[in-house]
Structure formats: C-alpha cells, structure tokens
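We did not get these values from a lab; they are worked out from the coordinates using the rules stated. Keep in mind that what you see is a predicted model, and the values were worked out from it rather than measured. Ideal geometry is used to build each Cβ from the backbone, glycine not excepted, and the neighbour counts take in all protein chains shown.
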Amino acid sequence: MALREILVWPDPKLKLKAKPIAEVDASVRKLCDDMAETMYEANGVGLAAPQLGLQQRVIAIDVEQRASGEGPDATPAKKKGEGLVWLINPVLKLGEGEFTYTEGCLSIPDEYEEVTRFGHIVVEFLGRDGKQRRIEATNTLLSVCVQHEMDHLEGKLFVDHLSALKRELIKRRMKKLKAQRELERKGEATAL
Ligand SMILES: [Zn+2]
C-alpha cells in the first residue's frame, strides 16, 4: 500500500468527471488499498479517486470509525478498517426526503458547512471483489458520505452546494493555505 497526495480545492482536476471502471482488476484493487490508507492517514471517513487526481469512479468509505446515535440507539466507534467499504461505479437508484448535515472534505481542510442532501438513498455499486452490492441508508453519516463522495465523481464539491459568497470566502482561505504549504515545501527543500 502507498500513501497518495490529496488535492486541495481549488484544483482543476477536482472539477473533472470520473470514468467508469471497466474491470475490477489488480490495479483497481491496489488503488482501493491506497485510498483506504490515505483516507485513514488524513483521518477522514470518505475519499474519492478524483481527490487523488485520478478520474476513476472509485470511493472508499468508513463511517463506522465514528460513534453515532444517542441513548439506546447509540453505536460506539469501531476500529479503523472494520467498517471499510469501497464503492466502484456507484449508481444512485433512489434518493428521497431531505437531511441536513455539517460537512467537511479532505480536499477543503478545516472548513465545515451545512449541506442539505437526500435523506434516504439506495446505491448500487461493485465492491473491491468486483461483486455487485447495494447500500441503503437513511439520515445518517453514511447517507451523507455516500452522496458527498459520489459528487466528487461528477467533479462537484460540497462548496458547490453553498452560496457563491460563502464559496468565495472559503476559496480565498484555501488559496492562502495552498500558498503557505507551497512555501513550506520549498523551505523544506532548501533547509539542509
Ligand atoms: Zn470531499
């Protein structure tokens, strides 16, 4: 497995539409594993291949690392990897109702905003083993995460659901962050 670099928005590659995976072969399984490692390293619950600059319809999700619910319905957090799923060529078969959740994104560090998406979803996809699978989720981190990551495959980010004003403010902060990171990178390169 290998860690890969996560692109930070704004980046033209994040706006590209991803192409379907023709066959789940060894290279796709390698990508799946790299994506999981990269996602965990960044402390994320979801990652889509376009965030690594790859126009492929592959998503890694593990929302079970987070505790969910309250009282008798509460589910404790699981260990990283126990709730890991990969969604290859996901298709939204049903989306209904509305659910609002405060979202973040590994490509937009430290920014969190409320986004309203479908509440109930049914999504069909291929797993890492190439077998057809299905997820059904209602008003949960999973239902939010699946839709957030599927947006990435269309070149869409959660900021595209916000007002133009909010998006511009976040864009300004991200450009500053990227400039700062670039300086640090250059600094590291010369500090011998
Ligand atoms: Zn994201």
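Using the alpha-carbon atoms, what tilt in degrees (0 to 90, nearest 10) does helix 141-153 show relative to the longest principal axis of the chain?
Taking Cα atoms only, the helix is inclined about 60 degrees.
Can you give me the angle between helix 26-41 and the longest principal axis of the chain, using Cα atoms only, in degrees from 0 to 90, rounded to the nearest 10?
Tilt of helix 26-41: around 70 degrees.
How much length is gained if the chain between Arg172 and Leu3 is pulled fully straight, taking 0.36 nm per residue apart and subtracting their Cα-Cα distance, in nm to one decimal? Numbers along the way, then the final one.
Numbers: separation 169, 0.36 × 169 = 60.84 nm, distance 2.75 nm.
Length gained between Arg172 and Leu3: 58.1 nm.
Using a basic spin-label model with each label point 7 Å from the Cα along Cα→Cβ, how many nm lie between Asp110 and Asp11?
About 1.8 nm separates the two model spin labels.
Let me check against my output: what whole-number percent is the relative contact order of the chain, with C-alpha pairs under 8 Å and at least 6 apart?
On the way: 341 pairs, mean separation 41.1, N = 192.
It rounds to 21 percent for the chain.
Between Lys93 and Leu165, what is 0.36 nm times their sequence separation minus the Cα-Cα distance? Round to one decimal in nm.
Values: separation 72, 0.36 × 72 = 25.92 nm, distance 3.27 nm.
My answer for the length gained is 22.7 nm.
Residue by residue, what Karplus-based ³J(HN,Hα) values in Hz, rounded to whole numbers, does the range 78-86 have, using 6.51, -1.76 and 1.60 with θ = phi - 60° and x for Gly and Pro?
Values, residue by residue: 9, 5, 4, x, 5, x, 6, 9, 10 Hz.
Give the shape of the range 10-66 as rounded, prolate or oblate, defined through the alpha-carbon gyration tensor: a ≥ b ≥ c are the square roots of its eigenvalues, a/c under 1.5 means rounded, and otherwise the shape is prolate if a/b is larger than b/c and oblate if not. Let's see the in-between values first.
Details: a/c = 2.07, a/b = 1.19, b/c = 1.75.
Oblate.
Using 25 Å as the Cα-Cα cut-off, could you pick out the over-long pairs in Lys19/Lys175; Lys13/Lys186; Lys79/Lys171; Lys80/Lys175? Mind showing how you got there, number by number?
Values: Lys19/Lys175 28 Å; Lys13/Lys186 23 Å; Lys79/Lys171 34 Å; Lys80/Lys175 31 Å.
Over 25 Å apart, Cα to Cα: Lys19/Lys175; Lys79/Lys171; Lys80/Lys175.
Taking 8 Å as the Cα distance limit and 6 or more residues as the minimum spacing, I'd like the relative contact order of the range 89-192 as a percentage.
Contact order relative to length: 21 percent.
Applying the Karplus parametrisation 6.51 cos²θ - 1.76 cosθ + 1.60 with θ = phi - 60° to the phi angles of the range 55-68, what ³J(HN,Hα) value in whole Hz is obtained for each residue in order, glycine and proline being reported as x?
Running phi through 6.51 cos²θ - 1.76 cosθ + 1.60 with θ = phi - 60° gives 8, 10, 8, 9, 9, 10, 9, 8, 8, 7, 5, 9, 5, 9 Hz.
Kindly identify the range 1-125 as rounded, prolate or oblate by the Cα gyration tensor criterion: order the square roots of the eigenvalues as a ≥ b ≥ c, call it rounded if a/c is under 1.5, otherwise compare a/b with b/c, prolate if a/b is larger, else oblate. Mind showing how you got there, number by number?
Numbers: a/c = 1.39, a/b = 1.33, b/c = 1.05.
Because its axes are fairly even, with a/c under 1.5, the range 1-125 counts as rounded.
Rounded, prolate or oblate, given the Cα gyration tensor of the range 107-147, with a/c below 1.5 counting as rounded?
Working: a/c = 3.83, a/b = 1.61, b/c = 2.38.
Here the range 107-147 falls in the oblate category.
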